[in-house]
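To keep things clear, I will list the structure first and then write my remarks on it.
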Amino acid sequence: MKILPLKISLLIMGASGIVAQIVLLRELLVSFLGNELTLGIILANWLILEAIGSFVIGKTVEKVKKKVEVYVFLQIFFSVALPFSIYLCRIFKNILLTTPGEGLGFLPILYSSFLILLPVSISHGALFTYACKLYSRYDREDATSIGKVYVFETIGSIIGGLLITFFLVQYFNSFEIAFMISLMNALISTLLLWPGKRPLFQIRHLSCFISILYVMLFLFLLLSPLSNKIHLSSLQRQWRGLNVIHNENSIYGNITVTQRGEQFTFFTDGLPSVTTPVPDIASLEDFVHFSMLFHEKPESVLILSGGAGGMIHEILKYPVARVDYVELDPLLLSLIQKFPTPLTQSELSDPRVKIHYTDGRFFVSRTPDRFDIIFIGLPAPQDLQTNRLFSAEFFSIVRKKMNPDGIIVLTLPGSLTYISPELRDLNGCILDTLKGIFKYVRIIPGDTNLYLASDSKSLGEVTTSEMFNRLEERKIKTNLFNKSYIEYRLHERWLNWFSKSMERKEVHINSDFRPLGVFFNLSYWNALFSPYLSNVFKLFEKMSLELTIGVALFLTVFLAILFLKKPGISGYSLPYAVFTSGFSDMMLSLAIIFTFQTLYGYLYHQIGLLITIFMVGIALGSFFVTRHLDRIRRDAQSFLKTELLILLFALLLPFVLTIPSHHLENTTVHVLLYGTFLLMSFLCGVLVGLQFPLATKIYLSARSEGARVGHTAGLLYGADLFGGFFGGLSGGVLLLPVLGLKESCLMVAIIKMSSLTLLLIFMKIQNAK
C-alpha cells in the first residue's frame, strides 16, 4: 500500500463523516419533529458513538495483524450502514407504532437515535484510530503521525461540509448523497487493497475483489432509477396513510407535500406549516381579525412567517395599502406555487403583497418602513433561532418600526381548563418580556393564547361592541368570527381566570443573550411527551454559576488528591484536559454562531462561512504544531499555554462580541464586528487545533513504556468527542438559555481552570521523577 491512497482515504474519511452527520441529523429532525433538545440529543449520540468507536474498537488496532484489511472493512461497513441508517430514520416511528405528525418523548428519541446512528458513528470513529496506526508505518511511530491524520481528516471535513451545505443538499436526495459517499469509500478501499505484484490467492486479493463488487453496486444504485425508488418507497412508509406527492430539501430544511383529494398540506421538517385550500379557519380568523379590529384603521401590515395558506387572504379583506410578507425559505412558497389552489393564487398574486425571502429579524432591522400591525407567525420559541423573534431586544427593535397606534401580535400555547407550571412559565416569560417593552399588553386567553402589545392606550379601550361595529362597518365576511363569538372570547371571566392562574413570584425576561424562552418551551414540550422528566427540568432551572463553581472545585480537589496519592494515574490529566477542550470547543463555537445570528439574522451562507472558518482554524493550528512538533522541547509548558489561552478566550469572548453590538447601527461598527466574528471563529478553531498534537506527544512521552500510537489516538480522540458530546447536549438546551452567554462562557473558563490545575500537578509529578 502506498502513502498517497492512504492520504486520499483520510480526506474521504473526514468528508464522509461530516456529510453523514448532516444528512442523518436532517432526517432525524424530520422524523422526531425536532427542536433544540432533539438536536442536542442527536448530536450528542453521534459524538458519544464516535468516541466509543475510536477508543473501544480502536483499541484492537495494536493486536490485529491485517490492519489494512480491517481499516477497509470499516470503510465498507460505514458505506453500507449509511443508506441503511437513512432508511431506518424514515421507518423507525412506524416500528414505535406512532402515526405521522405524532411527537415522541425524550427517552424514545434518545434510544432510537442512538440505535440508528450506532453502525455509522461507531465504524467512523474506529477509522480514525486505525488510520493513525497505518500512517505511522509510513511516517514515524510517534505523535507526528496522529497530528497529520488529524489535519487530513479536518481538511476532508471542511471539503465535505462545504459540499453538503452549498451543493449536495439542494440538488440530491439523501439516498443519492449516501450512495455518492459510499462509492467514494469503496473506490478508495479498492486502491488501498490493490495487490500489485503480490502472489495470487491471498486474503488481500479476496478483499480487493469484494471492494470492487461494492464499487459496482454503489455505482449501479447511484446511476439507476433504483435510488429514487428506494427514496420514494421510504417516504411512503415514513408518511404512511398520507399521499406524498413531493419531497425536497433546501438549505434551511426539508419540505414534504401531501395531497388528500383537493387538499394540500405542506410539512416543514415534519411539522405541518400550510394547509390549503381549506386551512384551520378558526385559528386564522382568531389571529387575524382580533388583531385587525383592535386597530382603528390598519393600512400597513408586516407578516413574519406563516402568511401563505389563508392568513394573507383574511388580511386582504381589509382595505390595507400594503402587506409585507417575510419568509425565510424560498422553497416553501415555490412549492405552494407549484401546487396552486385558488386561495394561494389570490394571496400571492395580489399587487398589495410584497414577498421578502430573508430572515425576519434581519428584515425588521433593515427596513425603513413603519407598520400598523406586525404579525409574528412563528410558534413559541423552540430553538435559539426562533427565540430571536421573542426577545426583549427584538421587541425594542419592532417598537421603533411601528406607527403610533401600531400593534405587535403573537401566539403561545394555552388552555381554558388548566395551566400547568410549565405552560405558566412559558407564557409568563414572554408576557413579562412584552410588558418590559410596551406600555400596554392585551391577552385573549384560549387553547392558543393571543398576545397584542402596543404603546397606544387605545388597545385596552376597545370594547366588544366597538369591535363588532368595526367588523360590520368594514363589511368583513367571516365563517366563525361573529358577535357571539367575540363576546364569548372577550368575556372578562376568561381573563380573570387566566390572570389568577398566571400568578407567580418570579419575573423572567427572555433576552437575546439569555434565551429563557427556549428553556421554558422545551420544558413545556417535555411535560407533554415525557412528564416523568419534569422534575429534572425543574432542577435545571435552578442551575447557577455558583453551583458550577462548586461542582468544578469539588471535582478538581478530588482528582488532585487522587493524583497526588497515586502519581501513576496523574497522566490521565491529559485526556481530562482534551475532554474539557472538546466541551469548550463545542460551547464556544455554539456561542459565536448563536450571537452572530442574534445580531445579523439567520443568514445560512454566513453561518456556513463561520463554521468553515472555524474548521480552517483547527486545520491550520494542528498543521502548524504537527510540522514543528520535533522542535518543541518544552511541550508540557506549550500545552499549558494553550490551556491558558482557551481560558482567556472564553472570558473575553462575550465582551468582544456584545459590547460593540450596542452601536450596530453605525456602519463602521457593523463591518468591524462582522470581521470580529470571523476572527473569533478562526481563533477558536486554532486554539483547539494547537492542542491535539501536543497532547498526543506528551501522553506518548509520559507513558513511553506501554503507550502506542493506536491506543493514544483512540483515547485522546475519544476524550475530545466525549467532551463535545456534553457540550452539544447541554449548550443550546441548558447552559445558554438558563445561564446566558456571559455566564456560560465564564463556566467554560472555570472548567478549563480545573484542567489547568490538574495539569500543573501532573507536571510537578513528572519533574519529580
Under Karplus coefficients 6.51, -1.76 and 1.60, residue-wise ³J(HN,Hα) of region 112-117 in Hz, glycine/proline x:
6, 5, 4, 5, 5, 7
Those aspartates and glutamates that a straight Cα-Cα span of less than 17 Å connects to K483, excepting residues fewer than 8 apart in one chain:
E285, D286, E466, E472, E473, E492
On Cα atoms only, tilt of 667-702 relative to the major axis of the chain in degrees:
30
From largest accessible area down, sort W494, W239; use a 1.4 Å probe on the protein chains.
W494, W239
Using alpha-carbon coordinates alone, the radius of gyration and Dmax of the chain in Å work out to 28.3, 96
Projected onto the charge dipole of region 345-479 (+1 at Lys/Arg Cβ, -1 at Asp/Glu Cβ, origin at the Cα centre), which of F395, I443, I430 gives the Cα projection farthest towards the positive end?
F395
Once both label points are put 7 Å beyond Cα along the C-beta direction, the R366-L545 separation in nm becomes 3.5
Could you state the angle between the C-alpha long axis of helix 143-163 and the longest principal axis of the C-alpha atoms of the chain, as a value from 0 to 90 degrees rounded to the nearest 10?
30
Counting only protein heavy atoms with a 1.4 Å probe and every protein chain in place, the carbon and sulfur fraction of the accessible surface of the chain in whole percent equals 64
If the only charges are +1 at each Lys and Arg Cβ and -1 at each Asp and Glu Cβ, what is the size of the charge dipole of the chain around the Cα centre, to the nearest 20 debye?
2760
On a 19 Å Cα-Cα criterion, which of the cross-link pairs K297/K477; K354/K401; K317/K457; K2/K66 come out too long?
K317/K457
Looking at region 449-486, which trypsin sites (Lys or Arg not before Pro) are DSSP coil and have at most 12 other C-beta atoms within 10 Å of their C-beta?
K457, K475, K477
By how many nm would the segment from T60 to K457 grow when fully extended, if each residue of separation counts as 0.36 nm and the alpha-carbon distance is taken off?
135.6 nm
Tell me the angle of helix 741-768 to the major Cα principal axis of the chain, expressed in degrees between 0 and 90 and rounded to the nearest ten.
10
For the chain, accessible area per residue (1.4 Å probe, heavy atoms of protein chains only), Å²:
41
With all protein chains modelled, accessible area of Y532 [1.4 Å, Å²]:
120
Rounded to the nearest 0.05, what FRET efficiency do V278 and L416 have when you use their Cβ-Cβ distance and R0 = 25 Å?
0.50
Could you list the trypsin sites (Lys or Arg not before Pro) in region 237-327 that lie in coil according to DSSP, counting only those with at most 14 other Cβ atoms within 10 Å of their Cβ?
R240
For T668, the accessible surface traced by a 1.4 Å probe with all protein chains present amounts, in square angstrom to the nearest 10, to 90
Determine the order of W525, W497, W46 by accessible area, beginning with the largest, at a probe radius of 1.4 Å.
W497, W525, W46
Ranked order, S701, S396, S305 - accessible area, probe 1.4 Å, largest first
S701, S396, S305
Segment Q170-I245, length gained on full extension (0.36 nm per residue, minus Cα span)
25.2 nm
Counting other Cβ atoms within 10 Å, which GluC sites (Glu not before Pro) in region 272-329 have at most 13 and lie in a DSSP loop?
E296
Amide H to amide H under 5 Å from G446: which residues, 5+ apart in sequence or cross-chain, H placed 1.01 Å off N in plane?
S415
If we sort 420-426, 629-635 on the protection proxy, mean other Cβ atoms within 10 Å, highest first, what's the order?
420-426, 629-635
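The values are calculated or read from the model by the stated rules, or taken from the named source; none is laboratory data. As the structure is a prediction and not an experimental result, all values here were calculated from the model. Using ideal geometry, Cβ is built from the backbone for each residue, glycine included, and neighbour counts are taken over all protein chains shown. In case anyone asks, the SASA skips ligands and DNA or RNA and just uses the protein heavy atoms, side chains included. Shrake-Rupley method; radii C 1.70, N 1.55, O 1.52, S 1.80 Å.
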